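Remarks on the structure that follows.
Quick note: the coordinates plus some simple rules give every number you see, no bench work behind them. Please read all numbers here as calculations on a predicted model, not as lab measurements. Note that each Cβ is placed from the backbone with ideal geometry, even for glycine, and that neighbours are counted across all protein chains shown.
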Amino acid sequence: MDERAYWIAFNCVAGIGPARLTALLDECGSIAAAWQAPIQTLQAAGLDRRSVENLLAARRQLDPQLELERVISQGYGIYTWNDTDYPVNLRLIPQSPPVLYTRGQYDLQDELAVAVVGTRRVSPYGREVAYQLGSELAQHGVTVISGLALGVDAIAHQAALASGGRTIAVLGSGIDQIYPPRNRRLALQIIERGALVSEYPLGTKPEASNFPPRNRIISGLSLAVIVVEAGKRSGALITAHFAVEQGRDVFAVPGSILNPGSAGCNQLIQDGAMPIVSVNDLLERLQLANVVAQQEARATVPASPAEELILKHISTEPQHMNDIVRAAPMDTPEVSSLLAMMELKGLVRQVGLMQYVRAI
């Protein structure tokens, strides 16, 4: 059986998220063995009684192969932890989704992405800023990521599309459940020039509890997050907090101290977020001025398993090439050649003599 079937089946089991699935894989050795494991093995992996009961019930009710065929028959894409083309930025975050469903095309160039998020009740000022930022990011070859919500999210998506760029919408529902319905036409446009993305199984309704977890994917797919306009309780602040935990830069658009809709952004700036008054602030910070050249390099020489292996041993702290050679492990000439190519692609940066960091 196609292993993706078991990944999808586990994704349908309530109570088994990234942490418990990791424990099961460590205990069982493979996703297929985990699905078929006896109760004693499930308990040895640390599953509580409710999770065990949910898994046993799913085994009786679900046919993994039929679930996979249902996804494929509708033309949806699937990424799992086992796939080498699983989004690199997302793989690095804590609690990355074991399964990612896509509608449209997630492309290699989408690794160079920035999230633009904010309030649904956007002011004329916020509307103009969101459109300008989304448009200018797209013009510089940067993919715009947001959540398809009304307000800032929708404006950022629309601006990227109008500028001929790519954009990705991360949903708090199954990718077959477009929410809000008012943005259905926009969603179809995004599918043509980007992708809808979700960690939730097909048929999942847009329940309120789904949206905070989905925000970690918005930030996780991105190199940085821009909050355009947000009140003190805006969901955009949740995305910003996830970005901080994931080691991503957070930018906030300054607003009037008299406008409650800017209170969240102003607070973020007080807390250390970088104020953004021009897209150049972000491009310089992230060294994205040469995005187009980097995308051409990535398209010419696609990412390889060896590059992904090296990326696992490079963080935002400088690493000497000799340490990378020992950790990989690979021959020094091979690592040196790979690092040179990865620097050309914008995946890593050299910050000193033979010292490298991740480019995010």
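A few remarks follow.
- Relative intensity, log₁₀ I(q)/I(0), of segment 64-151 from a Debye sum that treats every alpha carbon as a point, q = 0.15, 0.23 Å⁻¹: -0.75, -1.16
- With Rh defined as the Kirkwood radius, the inverse of the mean 1/r over Cα pairs, the Rg/Rh of segment 206-293 is 1.00.
- Using C-alpha pairs under 8 Å with a sequence gap of at least 6, the mean separation divided by the residue count of the chain gives a relative contact order of 13 percent.
- Size of the chain: Rg and Dmax of its alpha carbons, in Å, are 20.9, 61.
- Counting all C-alpha pairs of segment 1-90, share separated by more than 20 Å (%): 34
- When the Cα positions of Val122, Gln355, Gln267 are compared along the charge dipole of the chain, Val122 comes out farthest toward the positive end, with charges on each C-beta of Lys, Arg, Asp and Glu.
- Zero-based 10 Å bins, Cα pair distances in segment 301-358, whole percents: 25, 66, 9
- Shape category assigned to segment 1-47 from the gyration tensor of Cα positions, a/c cut at 1.5: oblate
- Computed helical MRE - 222 nm, the chain, DSSP H runs ≥ 4 contributing -39500 (n - 2.57), nearest 500: -13500 deg cm²/dmol
- Assigned charges on the beta-carbon of Lys, Arg, Asp, Glu; the chain dipole about Cα centre (debye): 1140
- If you wrap the tightest convex hull around every Cα atom of segment 104-286 and split its volume per residue, you get 101 Å³.
- Each of the peptides 60-71, 82-93, 109-120 was scored by the mean count of other Cβ atoms within 10 Å over its residues; in descending order, highest first, they stand as 109-120, 82-93, 60-71.
- For segment 153-225, the Rg and Dmax computed from alpha carbons only, in angstrom: 11.9, 34
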